[in-house]
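Notes follow once the structure below has been shown.
The values are calculated or read from the model by the stated rules, or taken from the named source; none is laboratory data. Since the model is a prediction, treat every value here as computed from it, not as a measurement. Don't worry about glycine lacking a Cβ; one is built from the backbone with ideal geometry, like all the others, and counts go over all protein chains shown. Calculation scope for accessible area: heavy atoms of the full protein, side chains included, ligands and nucleic acids excluded. Shrake-Rupley method; radii C 1.70, N 1.55, O 1.52, S 1.80 Å.
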Amino acid sequence: MTQYMEAPATAPRTGLRQRKKQRTREDLVEAGIRLFLEQGYEQTTVDQIAAAVEVSQRTFFRYFATKEDLAFGAVIVAEELFYEELCRRPPQESPLTALRRAARVVHEEMRNTTSTTVDSGLHLSVVRLIESTPSLLAAHLRRAEELEERVAAELARREGVDLSADLRPRLVTAVFTAACRAANRVWNSEGVPSLDAMVQLIERHLDQLQPALAGDWGRRAGALEEPPASSAPGTPATRADTTSEE
């Protein structure tokens, strides 16, 4: 009876402790990004970030190994959401359709969440910070390569092909991520601080993938197309792999 009575009192304390830890993490991310934007990434120290949240340096390192980890906090959350959603996509979806719809779920999550770790405004600020900071950009490209490899492996699993012998999973992943990066560059240069503006640009770029890769651009009407390659591992699958929605 004593054990039964004590159990309910333990759960609220655990929940409160977890909420406090989450709030501290979010406060550190928010303060760190704000300081990076105000005074520069290289000029900002861990001590300054900790002081802004009124915690110790030791507390900071409980949540982040380095200030680079903090800078990528929102990006990491978005990447994991994307990968997890891709793994959940229905098997009948073509690879590009699955990638596109997984990205949409991430955008919706960013739009609707109240957590600063995936808040849309914070995420957009981080994108600009990374693009304008050489050391962060280099780290971002390295992280992107790692994510692309995970995504390609998941596409290979979904399609039942051998990643070491079939070129398509890595090619589709590379084309998809390249389109997203191109859209991000346009968004960054236009200076529209809106998640909706970014999403619309990404959608427009993805809409143009198939016409850009396989269509006539208008100057070579009637020109002969290159003959198709012989059938071999890595040639197009029977199922159409388009960016259009079915």
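Counting only protein chain heavy atoms and rolling a 1.4 Å probe, the accessible areas of 140, 107 rank, largest first, as 140, 107. Summary of packing: across the peptides 166-175, 130-139, the per-residue average of other C-beta atoms within 10 Å ranks them, highest first, as 166-175, 130-139.
For region 104-110, 3J(HN,Hα) computed residue by residue from phi via the Karplus equation (6.51, -1.76, 1.60; θ = phi - 60°) reads 4, 4, 4, 4, 5, 4, 5 Hz, glycine and proline entered as x. Residues whose amide H lies under 5 Å from that of residue 167, counting only those 5 or more places away or on a different chain, are 234; hydrogens are built 1.01 Å from N in the peptide plane.
Using a 10 Å cut-off on Cβ atoms, rank the peptides 142-150, 44-52 from the highest mean neighbour count down. Could the numbers behind the result be given before it?
Working: 142-150: 13.6, 44-52: 16.8.
Going by the mean number of other Cβ atoms within 10 Å, highest first, we get 44-52, 142-150.
Accessible surface area normalised per residue over region 37-108 is 49 Å², counting heavy atoms of protein chains with a 1.4 Å rolling probe.
Simple rule: put +1 on each Lys or Arg Cβ and -1 on each Asp or Glu Cβ in region 41-105, find the dipole, and look at 45, 65, 76; the Cα lying farthest toward the positive end is 76. Here the Karplus relation 6.51 cos²θ - 1.76 cosθ + 1.60, evaluated at θ = phi - 60°, turns the backbone of region 174-186 into coupling constants of 5, 5, 4, 5, 5, 5, 5, 5, 4, 5, 4, 5, 5 Hz, with x for every Gly and Pro. Taken one residue at a time, the phi angles of region 97-102 give Karplus couplings (6.51, -1.76, 1.60, θ = phi - 60°) of 5, 4, 4, 5, 6, 5 Hz. Gly and Pro are set to x. Ordering 197-206, 79-88 by mean Cβ neighbour count within 10 Å, with the highest value first, yields 197-206, 79-88.
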